[in-house]
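Have a look at the structure below, then the notes.
The values are calculated or read from the model by the stated rules, or taken from the named source; none is laboratory data. Predicted model, so just to flag it, every value in this text is computed and none were measured. Neighbour counts are summed over all protein chains in view; Cβ atoms, including those assigned to glycine, are modelled from backbone coordinates with ideal geometry. Side chains are part of the model used for accessible areas, which takes the heavy atoms of the whole protein and leaves out ligands, DNA and RNA. Shrake-Rupley method; radii C 1.70, N 1.55, O 1.52, S 1.80 Å.
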Amino acid sequence: MDYNFSEIEPRWQEYWREHHVYRTGDAGDRPHYYVLDMFPYPSGAGLHVGHPLGYIASDIYARYKRLHGYNVLHPMGYDAYGLPAEQYAIQTGQHPAITTEQNIARYREQLDKIGFSFDWDREVRTCDPKYYKWTQWTFLQLFKHYYDNGAGKAMPIAQLEARFAKQGTEGLDAACTEELAFTAEEWNTYDENRRQQVLMNYRLAYLADTYVNWCAELGTVLANDEVVGGLSVRGGYPVERKLMRQWSLRISAYAQRLVDGLEQVDWTDSLKEIQRNWIGRSEGAAVWFPLEMENGELRIENSADAGDNSQFSILNSQLKFEIFTTRPDTIFGVTFMVLCPEHELISEITTPEHKAEVEEYVTWAKNRSERERQAEVKKVSGVFTGAFAVNPLTNERIPIWVSDYVLAGYGTGAIMAVPAHDSRDFAFARHFNLPIRQVVSLEKDVTSDPATWTESMDAKTGYSVNSGFVTGMKVKEAMRAVIDKIEEMGIGHRTVNFRLRDAIFSRQRYWGEPFPIYYKGNMPCPVPEECLPLELPDVKEFKPTATGEPPLGHATRWAWDERQRCVVENSKIDNATVFPLELSTMPGFAGSSGYYLRYMDPRNDNEYFSAKAVGYWQNVDLYVGGAEHGTGHLIYARFWNKFLFDLGMAVKEEPFQKLINQGMIQGRSNFVYRSKADNNLYISKGLIKDMDEVTPIHVDINIVASDVLDIERFRAWRPEFADARFELEDGRYICGWEVEKMSKSMFNVQNPDDLVARYGADTLRLYEMFLGPVEQAKPWDTNGIEGVHRFLKKIWKLYDSNIDNQTSSKAALKVLHQTIKKITDDIERFSFNTSVSTFMICCNQLTDLGDGVGREVLEPLTVLIAPFAPHIAEELWHRMGHDTTICDAPWPEYDPQMLVEDTVKYPVQFNGKMRFMLELPADIDQAGVLDAVKAAPEAGKWLNGEPKKVIFVPKKIINIVC
RNA sequence: GCGGAUAUGGCGUAAUUGGUAGCCGCGCAAGACUUAGGAUCUUGUUCCGAGAGGAGUGGGGGUUCGAGCCCCCCUAUCCGCACCA
């Protein structure tokens with residue numbers, strides 16, 4: 001009987017579905033294990049072979065854990081909000097909900113064909129009101145909390161209010177947009193509006209003016225990756241930087257914890273490093289530099305011997321500004337200061353004679369798009385303000401410049417420039433001919449003239465020179481000494497800066513979660529939690545409104561009635577009891593930030609998830625997904641989880657214990673070569689003498705098998721190929737190939753359905769694993785799939801002819817036990833490609849053994865294969881007379897005795913040579929080895945005459961080649 | 001520029017983690033069975049050499065009895081970040 005996968009696979013898939021075989025149990029005594037895949041965005045293009053790669057790996061592990069007796073949570077769902085469905089809606093008028101629904105149906109169909117063990121009873125969709133209710137709820141909690149640095153966690157905003165009423169900002173250490181200082185008395189005189197403004201400065205979800213990529217033509221803010229070269233990726237419309245009022249999440253408050261948490265998780269070093277870079281922690285100092293106006297309006301007394309007075313004057317100077325530096329030790333080498341073009345001080349300090357020039361520069365710099373600026377990083381630009389600062393340690397006058405190489409978003413937007421020891425300052429100084437002073441030297445007391453330098457000396461090594469009281473110290477010491485000094489002087493302090501910016505949370509789009517926020521005038525008010533979800537209203541048009549409002553501006557029923565506590569018609573807005581609702585929606589990462597928690601208790605309408613559920617499952621044990629989410633989803637989700645942890649909801653601070661990044665699958669394009677001399681002649685790859693004589697043309701990989709072109713299908717593919725003639729080699733047309741991105745335009749997209757139809761799901765599963773290590777990026781290539789398919793046929797045959805054997809030979813059992821050990825080890829280290837090889841070896845060896853294979857061997861082997869090729873395993877399992885599914889079988893244990901014998905006593909045939917390993921006394925010497933070997937009873941049996949080569953190994957093991 | 005990774009036959013890869021490199025699969029070659037085969041099976045296949053033998057894990061050096069694996073210096077490719085003070 002032949003291996004008929006197209007009959008077996010759908011039958012078992014149907015059985016599993018009908019009997020809810022993969023439904024997750026609730027708690028119980030069994031140990032738990034949570035295996036999660038990054039849920040997909042259901043795009044119109046459907047799945048390609050890259051998607052299932054990670055799903056197959058996680059499915060293997062989930063099935064393996066089940067066979068090991070674990071209660072496994074292995075859910076799947078859809079990240080269903082997103083731009084493509086909305087763009088499609090704008091073009092066609094079809095509601096994104098319908099498009100999304102269709103795409104989900106197609107995804108589900110494709111996923112089902114591959115035989116995953118997902119618990120579909122727990123499916124979530126981010127666009128489902130029952131799901132986004134909790135996305136909105138979390139947003140409200142973020143709105144209602146602030147981050148208390150002292151407590152090291154999020155605290156209710158009500159506590160902050162109480163504190164303000166009692167002691168103002170006195171002693172407050174909280175994450176905020178801007179440092180504020182007021183007393184309790186002042187607070188108590190503030191009106192409600194003013195108080196709300198103050199609180200907004202602290203909320204973890206806050207409304208603030210932020211620079212964004214604004215695309216007027218599309219009417220929306222775009223993410224950085226949606227903008228290329230100053231133009232929108234979609235449509236190619238110009239994008240400008242614009243200051244807009246936007247919701248943001250104060251993720252920066254969690255920066256330190258996001259760094260620290262990386263210590264606790266089992267992720268690859270490279271991904272941890274990506275996150276560390278993104279968070280960008282730098283230690284250094286904040287220093288205040290007082291200003292000196294040229295015309296003498298403010299002049300700091302020469303403090304060389306003025307003692308406390310000078311410090312007093314610096315501290316009390318209204319005109320001072322704060323800089324951040326990671327190199328406080330170089331403060332003696334400061335030769336100019338630079339402010340970013342957005343710096344508020346510029347207008348105050350610029351002297352009249354420089355005003356025009358500075359204003360022109362600032363206007364120019366501000367209007368440049370982020371992209372333009374980044375593209376011209378090498379170009380030095382800037383302008384002198386006419387103003388001077390005073391170096392608090394040397395009392396030198398230092399010119400203040402403005403330049404866009406200083407960024408508004410980092411530190412304080414102002415720097416002390418040390419051109420000798422910072423490459424950017426160096427370039428600036430050279431360009432504007434500013435002085436350069438060396439203050440660090442590799443060797444003690446040895447300096448050179450910076451005028452001769454071609455580059456700055458940036459390394460944090462060596463000794464301080466020309467640096468007052470730190471001269472002669474090592475750089476590290478000098479840093480400490482300078483910070484101590486400025487702290488003692490009260491003009492600065494040790495501090496840590498992060499590159500991580502707060503996450504902009506508003507999108508001027510329709511297809512996303514609505515904000516549960518309405519506006520009383522300018523004041524945002526939360527919709528009561530009991531009224532959630534605030535459902536996304538229908539609109540007739542998905543474009544921005546004529547007045548430039550987001551698409552939700554088209555909704556006619558999008559107002560909040562405070563008294564009735566429900567959404568009402570816009571016409572009822574009176575700004576007394578009925579108010580307009582927020583028109584922007586949440587970004588894609590909102591719904592994906594907490595979905596793993598919801599899977600634990602997905603049908604709970606009263607809570608995000610129950611304490612019992614999270615208490616049982618804890619967090620995700622294994623998360624599988626692409627590394628491209630390293631700076632997006634994986635940061636947001638960790639932040640989200642930490643916040644919920646602070647609220648006492650999540651029980652683990654880190655959401656994803658172990659993370660495997662599956663490598664990207666690239667496309668492998670095929671080419672035919674058209675002769676330039678004859679437009680209808682196509683030359684097989686091996687016959688081309690000179691590539692200049694032919695034109696390579698992309699050809700659909702679906703009409704090519706193992707680089708051999710299906711000529712008939714090629715002729716039928718497109719009219720212009722109908723009369724194609726071929727120069728064949730060995731009767732075949734061999735195509736060329738190249739690795740490119742998988743894309744429709746290159747005809748190299750491989751759809752898993754085609755492969756399932758042709759070879760079956762089990763073959764696809766095995767082949768995707770066989771391709772190479774899961775983590776490695778690799779081109780998709782079907783050239784080897786036949787071999788894997790052949791293996792399944794062999795396995796089928798092996799069972800077919802041995803299934804009734806009752807006895808097993810010792811050799812067969814040995815093969816089995818070797819296989820058990822190898823497969824178990826392989827799965828534990830996620831080395832699934834070697835597992836497939838192991839199966840093939842096992843199958844070949846058992847086939848060679850012939851009659852000695854019985855059920856004693858075949859049954860455990862079926863269990864081993866089940867995670868990889870569940871359909872064939874299930875079928876064989878039942879053919880062997882079991883009436884429960886293979887999921888209930890126990891994972892076989894190997895007998896170490898069976899393996900020990902093999903490595904120590906018996907020879908192994910290996911590539912035509914006979915090799916042994918023998919245990920020898922520890923104190924044996926090289927000369928004694930041969931005699932010892934000959935004397936060994938185990939060896940004597942196998943040794944015919946003198947061994948060819950004896951390799952002495954100073955351990956207890958010896959290798960002998962005969 | 002900074003950071004991370006990778007480099008092994010014609011190709012995808014493997015190597016008990018420092019112990020005789022090239023397992024498994026593809027491809028290729030020869031053969032068997034076949035009216036036929038895009039089926040199945042057998043044998044061979046790192047390179048050079050008829051052979052004995054020699055060379056060999058991107059290149060160069062080092063540690064070691066022993067290195068694909070560890071250390072140093074290059075080279076190439078991929079990925080992430082990019083004026084982050």
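Scanning the range A:164-186 for residues that are part of a helix (DSSP H, G or I) and more than 13 Å from A:Y202 (Cα to Cα), we see that the one that is least open to solvent (accessible area, probe 1.4 Å) is A:A184. Screening the range A:379-450 for strands (runs of 3 or more DSSP E) wholly inside it with 2 or more residues that are within 41 Å of the chain's Cα centre (by Cα) returns the ranges A:397-402, A:414-417. Can you name every residue in the range A:361-376 that is in contact (Cβ under 8 Å) with a residue 12 or more places away in the chain and either within 21 Å of A:F336 (Cα to Cα) or more than 16 Å from RNA strand B (Cβ to nearest atom) (or both)? The answer is A:Y361, A:V362, A:A365. Of all the residues in the range A:393-433, those that are more than 8 Å from RNA strand B (Cβ to nearest atom) and either surrounded by fewer than 18 Cβ atoms within 10 Å (Cβ to Cβ) or among the basic types (K, R) (or both) number 8. Checked against the criterion of being outside any helix (DSSP H, G or I), within 15 Å of RNA strand B (Cβ to nearest atom), open to solvent by 10 Å² or more (accessible area, probe 1.4 Å) and not hydrophobic (A, V, I, L, M, F, W, C), the range A:811-823 contains not a single residue that satisfies it.
Scanning the range A:142-154 for residues that are in contact with a strand residue (DSSP E or B) (Cβ under 8 Å, 6 or more places away or on another chain) and either open to solvent by less than 40 Å² (accessible area, probe 1.4 Å) or among the hydroxyl-bearing types (S, T, Y) (or both) yields A:L142, A:F143, A:H145, A:Y146, A:Y147, A:D148, A:A154.
Scan the range A:665-681 for residues that are open to solvent by 20 Å² or more (accessible area, probe 1.4 Å) and touching a Leu at 6+ places or on another chain (Cβ under 9 Å) and the total you get is 1. Selection of the range A:1-55 for residues being aliphatic (A, V, I, L, M) and surrounded by fewer than 20 Cβ atoms within 10 Å (Cβ to Cβ) yields A:M1, A:I8, A:V21, A:A27, A:A45. Summed over the range A:269-284, residues that are more than 12 Å from the chain's Cα centre (by Cα) and either over 22 Å from A:D502 (Cα atoms) or open to solvent by 80 Å² or more (accessible area, probe 1.4 Å) (or both) total 4. Residues in the range A:876-908 that are outside any helix (DSSP H, G or I) and at pLDDT below 70: A:K905, A:Y906, A:P907, A:V908. Residues that are over 30 Å from A:R718 (Cα atoms) and polar (S, T, N, Q) within the range A:638-693 comprise A:N641, A:Q657, A:N661, A:Q662, listed in sequence order. Checked against the criterion of being more than 13 Å from RNA strand B (Cβ to nearest atom) and either at pLDDT below 90 or open to solvent by 50 Å² or more (accessible area, probe 1.4 Å) (or both), the range A:319-340 has at least one qualifying residue. The residue of the range A:682-739 that is least open to solvent (accessible area, probe 1.4 Å), among those that are part of a strand (DSSP E or B) and aromatic (F, W, Y), is A:Y682.
Answer with yes or no whether A:L764 is farther than 26 Å from A:Q897 by Cα and touching a Pro at 6+ places or on another chain (Cβ under 7 Å).
yes
To keep it simple, each residue is scored yes or no on (1) within 15 Å of RNA strand B (Cβ to nearest atom); (2) closer than 17 Å to A:T763 by Cβ.
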residue: A:Q845; (1), (2): yes, no
residue: A:D848; (1), (2): yes, no
residue: A:R855; (1), (2): no, no
residue: A:L858; (1), (2): no, no
residue: A:V863; (1), (2): no, no
residue: A:A869; (1), (2): yes, yes
residue: A:W877; (1), (2): no, no
residue: A:A889; (1), (2): no, no
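Filtering the range A:437-476 to residues that are in contact (Cβ under 8 Å) with a residue 12 or more places away in the chain and of a type in the set (D, E) leaves A:E443, A:D445, A:E455, A:D458. State which residue is surrounded by the fewest Cβ atoms within 10 Å (Cβ to Cβ) when the search covers only the range A:768-784 and only residues that are more than 6 Å from RNA strand B (Cβ to nearest atom) and assigned to a loop (DSSP other than H, G, I, E, B). Restricting to residues being more than 6 Å from RNA strand B (Cβ to nearest atom) and assigned to a loop (DSSP other than H, G, I, E, B), the top hit is A:E775. Checked against (1) farther than 30 Å from A:P392 by Cα; (2) free of Cβ contacts under 8 Å to residues at least 12 places away in the same chain, A:P524 passes all but condition (2).
Taking first residues from the range A:346-358 that are touching a residue at least 40 places away in the same chain (Cβ under 8 Å) and partners that are open to solvent by 90 Å² or more (accessible area, probe 1.4 Å), the Cβ contacts under 9 Å between residues at least 6 apart in sequence or on separate chains come to A:I346/A:E359; A:T351/A:N295.
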